[in-house]
Structure formats: structure tokens, C-alpha cells
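**Q** There's a structure below that I have some questions on.
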Ligand code: NAD
């Protein structure tokens with residue numbers, strides 16, 4: 001912890017920036033203050049947005065493969081600074097060292113992906129119904145992109161969005177979570193170094209960062225000059241952002257809360273299921289949008305599996321995430337701890353039985369931080385509290401007898417982000433992946449719900465927002481499509497065979 005100032009400076013964040021400001025940043029590791037950042041004034045937002053708009057006019061003219069060179073350089077900068085940025089993530093949000101580093105690796109991976117994408121912004125050529133005609137589609141840059149991120153992925157989610165946006169020809173304005181601005185700033189500084197190396201072809205204002213509360217995000221949401229708002233966070237935030245962007249006919253990517261389930265069937269490999277349950281439910285102290293929250297297990301294997309989960313839970317190394325061997329770090333803050341306690345009270349009130357965990361631990365060692373023992377709660381049914389996302393290590397256990405009923409229970413929640421099944425029965429697996437199976441944006445087989453690769457499209461249905469980012473064809477959202485019909489004949493036939501002759505007497 002003591003080295004954090006040196007780490008921040010190596011990341012390009014000067015002492016004058018992280019001291020003397022109004023935004024207090026505390027580490028969830030011990031509750032101690034690590035920075036006082038200077039906040040962006042709300043009154044500055046119009047000028048910031050205007051700079052982005054001006055940058056767009058220049059950047060859209062730079063050929064996409066040349067734009068790709070910028071993200072290649074960003075990937076190099078992230079690679080060089082991986083250890084330091086990972087450290088900032090661990091200190092600022094309490095991720096264990098491996099997970100802090102993994103987050104920066106996602107940034108490196110998406111830069112490499114985006115570099116390849118910069119040569120593959122393909123449109124289609126379509127046959128025309130008219131002779132001597134051809135139809136084609138082109139993808140053009142869209143405009144300034146606002147990227148609003150959550151505290152729990154303070155580095156990677158910006159990289160997912162910005163790397164793709166930049167190769168698509170769009171400038172970015174980044175609004176990191178006020179709970180994790182340093183990780184965002186460190187990641188952004190790596191991009192600034194890449195822009196510096198890239199040279200004159202990058203216009204001023206191509207990438208900007210704004211530090212402060214949700215109101216700065218609102219300024220992006222409300223501005224008709226922000227062509228796409230990509231917002232990651234709670235469903236509560238999405239409910240505020242979605243309708244506002246829609247009202248001005250803007251584009252949005254909403255990446256909101258999840259309530260991710262795992263079905264464990266009688267044929268499941270329980271060794272594998274156990275490991276997936278542990279990483280899914282207690283990794284990042286249950287603070288991933290894809291964390292495992294509901295275990296729907298066949299009654300015939302429930303006792304065997306739960307006994308093993310309980311044994312593992314009792315031996316979990318909970319503690320300082322910067323220490324080797326720790327698997328479970330702290331919650332982000334006291335509010336997260338209170339929410340978890342409230343959910344536990346509700347669960348008990350709704351017939352739940354706490355099998356283990358839920359209490360605060362290490363309070364003597366870290367009186368100003370909030371470490372908890374991950375909770376396992378058996379529920380008689382999927383009650384209201386189970387249908388609600390509690391952003392903490394709280395795993396509900398439900399049992400099933402009939403596979404169709406298990407799928408029905410699985411889908412009977414408002415969120416639809418990630419899901420998985422552990423089964424070696426081909427019929428169950430295929431049914432789970434079919435139209436009648438999981439209704440989530442991500443459905444996995446014999447692997448847990450979290451820890452997605454950047455190559456796939458990431459996102460979920462229902463209250464999760466319905467959008468996708470990162471890999472696959474997500475890039476299309478950062479571009480506008482034009483359909484072009486070209487007539488190379490000497491006639492002017494109309495589509496649908498319509499005859500509309502020139503009435504001028506000859
Ligand atoms: P949050 O909703 O409190 O904040 C997220 C961001 O939105 C912050 O930057 C905040 O300043 C901003 N914000 C808040 N209100 C706003 C408004 N009205 N207009 C514009 N911006 C506003 O979320 P959090 O506590 O930081 O993150 C945890 C939540 O995020 C969980 O629900 C988790 O599931 C979700 N999450 C989802 C994904 C995903 O990809 N689906 C990824 C990470 C986290």
C-alpha cells in the first residue's frame with residue numbers, strides 16, 4: 001500500500017493531480033485515503049464535448065488501418081504498464097493481484113482485437129433487382145462516444161469501448177466511476193502516451209477524461225452531440241440513462257446488473273462445478289456483474305455438492321488482496337456491506353437458511369474496511385430477494401427435480417446477463433442453449449458464468465440492458481451504416497417495377 005504514490009506517478013499521475021482536490025479516494029483494502037483528485041467542473045462539460053465534436057471531423061478522415069496503429073500503440077503502453085495499472089486496480093477496488101493484472105490484460109487483448117478490426121470494417125455488397133445496378137453498404141464513423149463505467153471494472157470496460165470506438169473513427173470522453181477514478185486515469189494515461197507517440201494525425205480532444213460524480217455522466221447523456229452513450233453500472237443508473245438518450249434519438253449501449261445462475265444436473269462433473277462455483281461466487285468478492293448468484297442444483301446431487309462447497313467456503317483465504325494466497329478481498333465500501341446485511345435479513349425472512357458466512361471479518365485488523373465471509377443461503381423457493389442483484393458474495397441455493405422447471409426458475413428473474421449449466425447429458429445441454437433454454441446474453445456449458453473472453457459479444461437481456469460490447473460484431477454500434485444503390489446502366493428503372501414516366505411532351 002505504501003508504494004501507491006510511486007505507482008501512481010509511474011502511471012503518469014502527478015502528485016499535483018492526486019493531492020489537494022475535492023474527490024476523496026479511499027482504498028477498500030484498509031479504508032485509508034489514497035488520493036484527493038481534482039474534479040471536472042460541470043460547467044466545463046459543453047467545452048469538452050465541443051472539443052470532441054471538432055476532433056471527430058479530423059479523426060473520421062484518418063484511414064481506419066492507420067487508426068488501428070493508435071490502438072496497437074495503446075496495447076504496447078498497457079503491456080509496459082500492466083503491473084502498475086494492475087496494482088492501482090487492486091489498491092483502489094480491492095481485487096486480488098491476479099485479478100488486477102487480468103483486468104489490464106483484457107485491455108491489451110482488446111487493443112490487439114481492435115487493431116485487426118481496423119482492417120475489417122466490412123459492409124456487404126447486395127444484388128439488385130434492377131439490371132445494371134448494384135447495392136452496397138458502408139460503415140462510417142459515428143461521432144463522439146461517451147463512456148461511463150462502473151467501479152468494479154475500472155480499467156477494462158473503458159478499454160473495451162475506447163479501443164473499438166477509436167478504430168471506428170470516433171473520439172471518446174471517459175467518465176470513470178467516482179469510486180475508482182485512479183484506475184481509469186492510469187488506463188487513460190497509457191492511451192495519452194500512445195496518442196503522443198502516434199503523432200499529428202491524432203487531433204486534439206480525441207480522448208478526454210472527466211473526473212467526478214454521476215452529474216458529469218448526465219451531461220454526456222443529455223448532449224445531442226454525444227452520438228453513443230455506453231454506460232456500465234446498476235439497473236438504477238440504466239433506468240435514468242436509457243429513456244434520456246432515447247428521448248433525443250441517441251444511441252446507447254447499456255451494460256447493467258446481472259443475476260447469474262448455474263444449473264447443476266445429475267450428470268455434472270462435480271469437481272469442475274465446485275471450482276466454477278468458487279471462482280464465480282467469491283471471486284472479486286462477488287462484485288462482478290457476472291458473479292454467480294443462484295445455484296440451481298438437482299436434488300439427487302445437492303447434498304454431496306453443497307457439503308463440498310461448504311468445506312471450501314470454510315477454508316477460503318479472505319484478507320488483504322495484495323498479499324499472496326488471498327482469494328477473497330474486501331467489499332468496495334460500507335454501503336456494500338450494509339446492502340449485503342439487508343439482503344441476508346430479507347432472505348431469512350423469506351424462509352432462507354444461512355448455511356455459512358455473511359458476517360464481517362478482520363474488523364480488528366482493518367477497522368475502516370469491510371471484509372465479509374462469503375454467504376451460502378439455502379432458499380425454499382426463488383423469492384423476491386433472490387430475484388434481486390445483491391452486489392456482494394451472497395450465493396442462493398435452490399433445488400430442482402425436473403429439468404424444465406429448473407430452466408423456468410433460471411429464467412424467472414428480471415436480469416439476463418450470464419448463465420451456465422454443468423451437465424454431461426447432451427439433451428440437457430442443447431436444450432439449455434436452445435430457444436427454449438437460458439434467456440441470457442451469455443449461456444455457458446461446463447464453465448462458470450464469469451470471466452468472459454473479449455472476442456465474444458458481451459452483454460445481456462431484460463434489465464441488463466439488451467446491448468452488447470467488446471468482440472464479435474459489437475463494432476457496428478460505433479459506426480453508422482449507409483446503404484448505397486449505384487446505377488451503371490443507361491436506364492432509370494424503379495424498384496418494385498413501378499412505372500413513373502417523364503410527363504414532359506417530347
Ligand atoms: P452505479 O450505477 O452506481 O454507477 C455506474 C456509473 O454510472 C458511475 O460512473 C456513476 O457515476 C454513473 N452514473 C450514476 N448515475 C448516473 C446518471 N443518472 N447518469 C449518468 N451516469 C450516472 O454502478 P456501480 O456501483 O459503480 O457498479 C455496480 C453495478 O454495475 C452492478 O449492478 C453491476 O452488475 C453493474 N455492472 C455491469 C456490467 C455489465 O457489463 N453488464 C459490468 C460491470 C458492472
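FYI, it's all coordinate maths here, none of it is from the lab. Note that the structure is predicted; figures quoted are calculated from it, not measured. Backbone-built Cβ (ideal geometry, glycine too); neighbour counts: all protein chains shown.
**Q** Given the criteria touching a helix residue (DSSP H, G or I) at 6+ places or on another chain (Cβ under 9 Å) and free of Cβ contacts under 8 Å to residues at least 12 places away in the same chain, does residue 120 qualify? Before you say what the answer is, go through the steps one by one.
**A** Values: touching a helix residue (DSSP H, G or I) at 6+ places or on another chain (Cβ under 9 Å): yes; free of Cβ contacts under 8 Å to residues at least 12 places away in the same chain: yes.
Answer is yes for this residue.
**Q** Can you tell me which residues in the range 157-174 are away from the ligand (no atom under 14 Å from the Cβ) and in a helix (DSSP H, G or I)? Before you say what the answer is, go through the steps one by one.
**A** Going through the range 157-174, the residues away from the ligand (no atom under 14 Å from the Cβ) turn out to be 162-172.
162, 163, 164, 165, 166, 167 - these are the residues of the range 157-174 that are away from the ligand (no atom under 14 Å from the Cβ) and in a helix (DSSP H, G or I).
**Q** Still on this structure: Restricting the search to the range 205-223, which residues are at positive phi and either assigned to a strand (DSSP E or B) or more than 10 Å from the ligand (Cβ to nearest atom) (or both)?
**A** Taking the range 205-223 as the starting set, the residues that turn out to be at positive phi are 205, 212.
Result: 205, single match.
**Q** How many residues are surrounded by fewer than 19 Cβ atoms within 10 Å (Cβ to Cβ) and in contact with a helix residue (DSSP H, G or I) (Cβ under 9 Å, 6 or more places away or on another chain) when one looks only at the range 428-441?
**A** 3
**Q** Could you tell me whether any residue of the range 427-447 is in a strand (DSSP E or B), within 16 Å of the ligand (Cβ to nearest atom) and either free of Cβ contacts under 8 Å to residues at least 12 places away in the same chain or closer than 23 Å to residue 399 by Cβ (or both)?
**A** Let us first name the residues in the range 427-447 that are in a strand (DSSP E or B), namely 442-445.
Still in the list and also within 16 Å of the ligand (Cβ to nearest atom): 442-444.
Among the residues that remain, those that are also either free of Cβ contacts under 8 Å to residues at least 12 places away in the same chain or closer than 23 Å to residue 399 by Cβ (or both) are: 443-444.
So far as the range 427-447 goes, yes, one or more of its residues are in a strand (DSSP E or B), within 16 Å of the ligand (Cβ to nearest atom) and either free of Cβ contacts under 8 Å to residues at least 12 places away in the same chain or closer than 23 Å to residue 399 by Cβ (or both).
**Q** Would you check if there is a residue in the range 144-156 being more than 16 Å from the ligand (Cβ to nearest atom) and out of contact with any strand residue (DSSP E or B) (no Cβ under 8 Å at 6 or more places or on another chain)?
**A** Filtering the range 144-156 down to residues more than 16 Å from the ligand (Cβ to nearest atom) leaves none.
So far as the range 144-156 goes, no, none of its residues is more than 16 Å from the ligand (Cβ to nearest atom) and out of contact with any strand residue (DSSP E or B) (no Cβ under 8 Å at 6 or more places or on another chain).
**Q** Being over 28 Å from residue 411 (Cα atoms), within 18 Å of the chain's Cα centre (by Cα) and surrounded by 22 or more Cβ atoms within 10 Å (Cβ to Cβ) narrows it down to one residue among 280, 238, 217; which is it?
**A** Working: 280 fails: over 28 Å from residue 411 (Cα atoms); 238 fails: over 28 Å from residue 411 (Cα atoms).
Being over 28 Å from residue 411 (Cα atoms), within 18 Å of the chain's Cα centre (by Cα) and surrounded by 22 or more Cβ atoms within 10 Å (Cβ to Cβ) holds for just one of 280, 238, 217, which is 217.
**Q** Would you please name the residue that is farthest from the ligand (Cβ to nearest atom), looking only at residues in the range 224-253 that are out of contact with any strand residue (DSSP E or B) (no Cβ under 8 Å at 6 or more places or on another chain) and part of a loop (DSSP other than H, G, I, E, B)?
**A** Of all residues in the range 224-253, those out of contact with any strand residue (DSSP E or B) (no Cβ under 8 Å at 6 or more places or on another chain) come to 224-225, 234, 236, 239-240, 243-244, 247-249.
Filter once more, so that each one left must be part of a loop (DSSP other than H, G, I, E, B): 224-225, 234, 248-249.
Details: 224: 16, 225: 16, 234: 3, 248: 14, 249: 18 Å.
Result: 249.
**Q** For the structure I just gave you, tell me whether residue 286 is within 15 Å of the ligand (Cβ to nearest atom), crowded, with 23+ Cβ neighbours inside 10 Å and on the phi > 0 side of the Ramachandran plot.
**A** Considered against the rule, which asks whether it is within 15 Å of the ligand (Cβ to nearest atom), crowded, with 23+ Cβ neighbours inside 10 Å and on the phi > 0 side of the Ramachandran plot, residue 286 comes out as yes.
**Q** Keeping to the range 175-204, report how many residues are touching a helix residue (DSSP H, G or I) at 6+ places or on another chain (Cβ under 6 Å), farther than 19 Å from residue 93 by Cα and not in a loop (DSSP other than H, G, I, E, B).
**A** So the answer is 6.
**Q** Do we have residue 306 as surrounded by fewer than 24 Cβ atoms within 10 Å (Cβ to Cβ), at negative phi and within 23 Å of the chain's Cα centre (by Cα) here? Full working, then the answer.
**A** Numbers: surrounded by fewer than 24 Cβ atoms within 10 Å (Cβ to Cβ): yes; at negative phi: yes; within 23 Å of the chain's Cα centre (by Cα): no.
Against the criterion (surrounded by fewer than 24 Cβ atoms within 10 Å (Cβ to Cβ), at negative phi and within 23 Å of the chain's Cα centre (by Cα)), residue 306 does not qualify.
**Q** Could you tell me whether the range 459-468 includes any residue that is more than 16 Å from the ligand (Cβ to nearest atom), under 30 Å from residue 240 (Cβ atoms) and in contact with a helix residue (DSSP H, G or I) (Cβ under 9 Å, 6 or more places away or on another chain)?
**A** Within the range 459-468, the first condition is being more than 16 Å from the ligand (Cβ to nearest atom), and the residues that meet it are none.
The answer is no; no qualifying residue exists.
**Q** Kindly check whether there is at least one residue in the range 50-71 that is surrounded by fewer than 17 Cβ atoms within 10 Å (Cβ to Cβ), over 25 Å from the mean Cα position of the chain (by Cα) and in a strand (DSSP E or B).
**A** Among the residues of the range 50-71, not one is surrounded by fewer than 17 Cβ atoms within 10 Å (Cβ to Cβ), over 25 Å from the mean Cα position of the chain (by Cα) and in a strand (DSSP E or B), which makes the answer no.
**Q** Right, another one. Run down 397, 386 and say which single residue is part of a loop (DSSP other than H, G, I, E, B), in contact with a strand residue (DSSP E or B) (Cβ under 6 Å, 6 or more places away or on another chain), closer than 30 Å to residue 321 by Cα and touching a residue at least 60 places away in the same chain (Cβ under 8 Å).
**A** On the way: 397 fails: part of a loop (DSSP other than H, G, I, E, B).
None of the other options fit; the residue is 386.
**Q** Would you check if residue 471 is closer than 17 Å to residue 254 by Cβ and within 16 Å of the ligand (Cβ to nearest atom)? Working first, answer last.
**A** Details: closer than 17 Å to residue 254 by Cβ: no; within 16 Å of the ligand (Cβ to nearest atom): yes.
Here the answer is no, as residue 471 does not meet what is asked.
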